[in-house]
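Asker: One structure, pasted below without further comment.
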Amino acid sequence: QSVLSQPPSASGTPGQRVTISCSGSKSNIGSNTVNWYQQVPGTAPRFVVTSNNQGLSGVPDRFSGSKSGTSASLAISWVQPEDEADYYCASWDDSLSGWVFGGGTKLTVL
Amino acid sequence: QAQLVESGGGLVEPGGSLRLSCVGSGFIFGEYYMNWIRQAPGKALEWVAYISTSGGSTYYADSVKGRFTISRDNAKNSLHLQMNSLRVDDTALYYCARDAYSYGLSGAGYWGQGTQVAVSS
């Protein structure tokens, strides 16, 4: 059972806007930044964006992050077939003094 | 571009020990917090341990506290994870990851390819 809750699956057709949610509590999302990761099966995870919309070089700006209260969202505008992957949210938890992850959301691009 | 290469994984019996290592390049190693994160087959990512830039502060998941020790050698650009009293449920691919930004507590930004640990009799 993951500390952060994500829907197990999401889907969209090429060109659509897709959002993935992540729900937590006051001690994690409510107090800290949320990071989002993309993992194509068989490969290492890749940092995508934060809830402050910060990213690293090489990540398309179609990915954006946001947060409200104890929930966060990853939005993918103009979703592409290559975006098909598992997506994880993560945040620092002040009560646990550690990082917590969501259970992951499998994105299917139909 | 930051690069991380893990080593030290393998097959070990329950109760045994392993020492994982990770060497970083392409960045100033001593300026970033570092992580170990694992993933059991078909399962979600699970954070394992975290260490500050100097090594003076360390953090552990409850599942490994008292059994695993994270350490670093900034002079050698290396990160380690000493794993003792290994259990079957420690079986996973272990990733070394550098924090995304140098200001600390920013979370895993760059990841290695992982090293496989299998605990079985």
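Asker: Go through the range B:40-51 and give me each residue that's buried (at least 17 other Cβ atoms within 10 Å of the Cβ) and either touching a residue at least 40 places away in the same chain (Cβ under 8 Å) or within 24 Å of A:Ser5 (Cα to Cα) (or both).
Answerer: Within the range B:40-51, B:Leu45, B:Glu46, B:Trp47, B:Val48, B:Ala49, B:Tyr50 qualify.
Asker: Keeping to the range B:89-117, report how many residues are in contact with a Pro (Cβ under 6 Å, 6 or more places away or on another chain) and among the aliphatic types (A, V, I, L, M).
Answerer: 0
Asker: Could you check B:Val64 against (1) open to solvent by less than 30 Å² (accessible area, probe 1.4 Å); (2) at pLDDT 95 or above; (3) assigned to a strand (DSSP E or B) and say which number it fails?
Answerer: (3)
Asker: Next up: Can you work out which of the residues in the range B:75-121 that are open to solvent by 40 Å² or more (accessible area, probe 1.4 Å) and in a helix (DSSP H, G or I) is farthest from B:Ile28 (Cα to Cα)?
Answerer: If we take residues in the range B:75-121 being open to solvent by 40 Å² or more (accessible area, probe 1.4 Å) and in a helix (DSSP H, G or I), then B:Val88 is farthest from B:Ile28 (Cα to Cα).
Asker: A follow-up question, please. If a residue has to be under 14 Å from the mean Cα position of the chain (by Cα), within 11 Å of chain B (Cβ to nearest Cβ), in contact (Cβ under 8 Å) with a residue 60 or more places away in the chain and closer than 11 Å to A:Ala72 by Cβ to count, how many in the range A:6-53 make the cut?
Answerer: 1
Asker: Restricting to the range A:75-110, name every residue that is more than 18 Å from B:Gly42 (Cβ to Cβ), away from chain B (no Cβ under 14 Å) and either outside any loop (DSSP other than H, G, I, E, B) or open to solvent by 50 Å² or more (accessible area, probe 1.4 Å) (or both).
Answerer: A:Ala75, A:Ile76, A:Trp78, A:Pro81, A:Glu82, A:Asp83, A:Val109, A:Leu110
Asker: Check off (1) touching a residue at least 40 places away in the same chain (Cβ under 8 Å); (2) assigned to a strand (DSSP E or B); (3) away from every other protein chain (no Cβ under 14 Å) for B:Thr69 and give me the number that stays unchecked.
Answerer: Status for B:Thr69: all satisfied but (1).
Asker: Follow-up question, since we're still on this one. State whether one or more residues within the range B:100-109 are closer than 25 Å to A:Pro8 by Cβ, of a type in the set (A, V, I, L, M, F, W, C), in contact (Cβ under 8 Å) with a residue 60 or more places away in the chain and out of contact with any Cys (no Cβ under 8 Å at 6 or more places or on another chain).
Answerer: So far as the range B:100-109 goes, yes, one or more of its residues are closer than 25 Å to A:Pro8 by Cβ, of a type in the set (A, V, I, L, M, F, W, C), in contact (Cβ under 8 Å) with a residue 60 or more places away in the chain and out of contact with any Cys (no Cβ under 8 Å at 6 or more places or on another chain).
Asker: Determine if the range B:19-35 includes at least one residue that is within 13 Å of chain A (Cβ to nearest Cβ), over 28 Å from A:Thr33 (Cβ atoms) and free of Cβ contacts under 8 Å to residues at least 40 places away in the same chain.
Answerer: The answer is no, given that none of the residues of the range B:19-35 is within 13 Å of chain A (Cβ to nearest Cβ), over 28 Å from A:Thr33 (Cβ atoms) and free of Cβ contacts under 8 Å to residues at least 40 places away in the same chain.
Asker: For the range B:21-44, how many residues meet the condition of being among the aromatic types (Phe, Trp, Tyr) and in a strand (DSSP E or B)?
Answerer: Summing the residues that are among the aromatic types (Phe, Trp, Tyr) and in a strand (DSSP E or B) in the range B:21-44 gives 1.
Asker: Oh, and also: What are the residues in the range A:1-47 that are under 23 Å from B:Leu4 (Cα atoms), crowded, with 17+ Cβ neighbours inside 10 Å and among the polar types (S, T, N, Q), if any?
Answerer: Of everything in the range A:1-47, those that are under 23 Å from B:Leu4 (Cα atoms), crowded, with 17+ Cβ neighbours inside 10 Å and among the polar types (S, T, N, Q) turn out to be A:Asn35, A:Gln38, A:Gln39.
Asker: In the range B:2-21, how many are in contact with a Gly (Cβ under 6 Å, 6 or more places away or on another chain), open to solvent by less than 60 Å² (accessible area, probe 1.4 Å) and of a type outside the set (A, V, I, L, M)?
Answerer: So the answer is 2.
The values are calculated or read from the model by the stated rules, or taken from the named source; none is laboratory data. Quick caveat, the model's predicted, so the values are computed rather than measured. For neighbour counting, all protein chains shown are included, and Cβ atoms are generated from backbone atoms with ideal geometry for every residue, glycine included. The area values use the complete protein model at the heavy-atom level, side chains included, leaving out ligands, DNA and RNA. Shrake-Rupley method; radii C 1.70, N 1.55, O 1.52, S 1.80 Å.
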